[in-house]
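Asker: What follows is a structure written as structure tokens; I'll ask about it next.
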Amino acid sequence: MAVAERQEVRAEAKYVRASARKARLVLEHVRGRTVPEARTVLAFSERAVATDIEKVLKSAVANAEANHGLIGDELVVAAAYADEGPTIKRWRPRARGRVNRIFKRTCHITIRLAEAPEQAKPRRKQAAAKAEQPKPEGGTKTKARSRGKKKEVAA
């Protein structure tokens, strides 16, 4: 039984002026979704780095369509990660001749797209199928607990 390899396409944006930590928060919401779902999530995200991530996603889709002949809307975000880039160091003058350091962090954002596997079902349908399964009837009885019963005090 031969396993068909999924074709992967990637796009990368380097030296993005946002910290990798902030970019990872948005990338967690995109990872594993289809391209239309990911675009919707990024469009409604309130974080500023979402616009940079959306540019990388559009670039990855364009690479897939132009270089590999794939259909962009049928792809899935196989991997999305942000690595730290070089930190720009600046100084801010403070009182009495002192200074504070300012670190302007950068990151490298990478998104890898792959063809959607045929056997995978959407998440919502899987959750609905689990809810419809019958539950076992025997042996799972819950005891009613009496917590914090107040004692009656004779007056």
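All of the numbers you see were taken from the coordinates with simple rules; none came from a lab. Only a predicted model underlies this, so the values are computations on that prediction, with no experimental measurement involved. Here the Cβ positions follow ideal geometry from the backbone for every residue, glycine too, while neighbour counts run over all protein chains shown.
Asker: If you find the alpha carbon centre of region 101-117 and of region 1-47, how far apart are they in angstrom?
Answerer: If you average the Cα positions of each part, the centres end up 8 Å apart.
Asker: Which order results if 108, 68 are arranged by neighbouring Cβ count within 10 Å, fewest first?
Answerer: By the 10 Å Cβ count, ascending, the order reads 68, 108.
Asker: Rank these for me by crowding, 25, 75, 113, 42, going from fewest to most other beta carbons within 10 Å.
Answerer: 25, 42, 75, 113
Asker: Still on this structure, please answer the following. What number in nm² do you get for region 19-117 if you take the convex hull of its Cα atoms and divide its surface by four?
Answerer: Across all orientations, region 19-117 yields a mean hull projection of 7.4 nm².
Asker: Run the quick spin-label model on residue 22 and residue 94: label points 7 Å from Cα toward the beta carbon, then report their separation in nm to one decimal.
Answerer: 2.2
Asker: Out of region 1-106, which chymotrypsin sites (Phe, Trp or Tyr not before Pro) are coil in DSSP terms and have no more than 13 other C-beta atoms within 10 Å?
Answerer: Passing both the DSSP loop test and the Cβ count: 44.
Asker: Mind listing the long-range amide H neighbours of residue 7? Cut-off is under 5 Å, sequence gap 5 or more, other chains count too, H placed in the peptide plane at 1.01 Å from N.
Answerer: When sequence neighbours closer than 5 places are left aside, the close amide H contacts are 115.
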